Amino acid sequence: MQVNAYPVLYSFRRCPYAMRARLALAVSHQTCELREVVLSRKPAELRQASAKATVPVLVDTDCRVLEESLDIMLWALQRHDPLCWLPVQGNQADAMHLIKRCDHEFKPQLDRYKYPNQFEIADPGTPRFGGAGFIFDLEQHLTRARYLSGAHWSLADAAIAPFVRQFAHTNSAWFASQPWPKVETWLANFEASPLFQSVMTKHPPWQPGQAQTLVFD
Ligand SMILES: N[C@@H](CCC(=O)N[C@@H](CS)C(=O)NCC(=O)O)C(=O)O
C-alpha cells in the first residue's frame, strides 16, 4: 500500500537521537518529508504511527514504521551508502558495541549530568565522572585511528557525536580542560562540518495539512 509519496520523518531539532538519524538520512540522500515535533505537543499522527511516540520516527512509503534512531540510520545506509558509513566486517562488532554503550551507559549519565534536579542528584560531578569514562574510551579509539571505526567518519562517529556534543556543552570550560584532545578535535570538526550544519537547519513545528517540507534530497 503506497500512502506517502516520501518517507515521513518525525524529528526534533535538538534531540541527539533525531540528529543521528538526520545525519544518516542526509548522507544517503533519502528524500524525506520532515515533520518537526514539539515534544510537549506531539501530533496525533506521530502517536498513531508509534505508540511510544519518541523521536525520531520514520514512516516509510509502504507505511512501515521505524521508531529507533539506529534502525533509521541502518535503513538509510543500507539503501545508499555513498561515503561507506556502514562498518566493514572487521569493525562491525566494535562499532555496534560502542553505540550500544553510548545509548545504555553514557546517555543515562548524560541525562543526570544535564538535569541533576530532575534526578535529585546533589552533585552533578558524579554523573559527569560516570560519563567521562566513556569519553576516555573514545579518546583511546581516536588515538588508534582518526575516527571511531578507522580512517574515515562513519556510522559510530555519527551515532555517538551528537551525545558527546551535549555532554561537552553542559560545561564547556570543564570539558575543554580535560585530557582528551583527540575527542575535542573530533567533536569540533563534527560541529563545523557542512553535514552537521545542514541537519541543524531550523524548521517551524509541523501542522497537519501544511505543504510538505522535503529534506535530504
Ligand atoms: N531509543 C530511542 C530513543 C529516542 C528518544 O528517547 N527521544 C527523545 C527525545 S531526545 C524523546 O522522544 N522523548 C520522548 C518525550 O520526551 O516525550 C531512539 O533511539 O530513537
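Per residue, how large is the accessible surface of the chain? Use a 1.4 angstrom probe and give square angstrom.
Working: 10860 Å² over 217 residues.
Per residue, the chain has an accessible area of 50 Å².
Rg and Dmax in Å for the stretch 89-194, alpha carbons only: what are they?
13.7, 44
So what is the relative contact order for the chain, in percent, with contacts set as C-alpha pairs under 8 Å and at least six apart? Intermediate results must be reported in sequence, preceding the final value.
Values: 296 pairs, mean separation 62.2, N = 217.
29 percent.
Give me the percent of DSSP beta bridges within the chain that run antiparallel, rounded to the nearest 5. Can you show the working numbers first?
Working: 8 of 12 bridges.
Expressed as a percentage, antiparallel bridges in the chain total about 65.
Tell me the accessible surface of residue 40 in square angstrom (1.4 angstrom probe, heavy atoms of protein chains only), to the nearest ten.
The accessible area of residue 40 comes to roughly 100 Å².
Roughly how many percent of the accessible protein surface of the chain is carbon and sulfur, given a 1.4 Å probe and a whole-percent answer?
Numbers: 5680 of 10860 Å².
Here carbon and sulfur together make up 52 percent of the probe-accessible area.
For the chain, what is the mean residue ellipticity at 222 nm derived from helices alone (per DSSP H run of n ≥ 4: -39500 (n - 2.57); sum divided by total residues; nearest 500 deg cm²/dmol)?
On the way: 10 runs with 109 residues, N = 217.
For the chain, the value works out to -15000 deg cm²/dmol.
Could you name the lysines whose alpha carbon sits less than 22 Å from that of residue 107, not counting residues in the same chain fewer than 8 places away?
Partners found: 52, 182.
Do any GluC sites (Glu not before Pro) in the stretch 46-151 lie in a DSSP loop with no more than 13 other beta carbon atoms within 10 Å, and if so, which? Mind showing how you got there, number by number?
Values: sites: 67, 68, 105, 120, 139; in loops: 67, 68, 120.
Qualifying residues, ordered by number: 120.
For a protection proxy built on the mean count of beta-carbon atoms within 10 angstrom, sort 193-203, 76-86 highest first, please.
Details: 193-203: 13.1, 76-86: 15.9.
Most protected by this proxy first, the peptides run 76-86, 193-203.
Past the 26 angstrom mark, what percentage of all C-alpha to C-alpha distances in the chain do you count? Spell out each step's value before the answer.
Working: 8657 of 23436 pairs.
For the chain, the share of Cα pairs beyond 26 Å comes to 37 percent.
If you average the alpha carbon positions of the stretch 1-62 and of the stretch 144-217, how far apart do those two centres end up, in angstrom?
18
The values are calculated or read from the model by the stated rules, or taken from the named source; none is laboratory data. The structure presented is a predicted model; accordingly, all values stated were derived computationally and were not measured. Cβ coordinates were reconstructed from backbone atoms using ideal geometry, including for glycine residues, and neighbour counts include every protein chain displayed. For accessibility, only protein heavy atoms count, side chains too; no ligands or nucleic acids. Shrake-Rupley method; radii C 1.70, N 1.55, O 1.52, S 1.80 Å.
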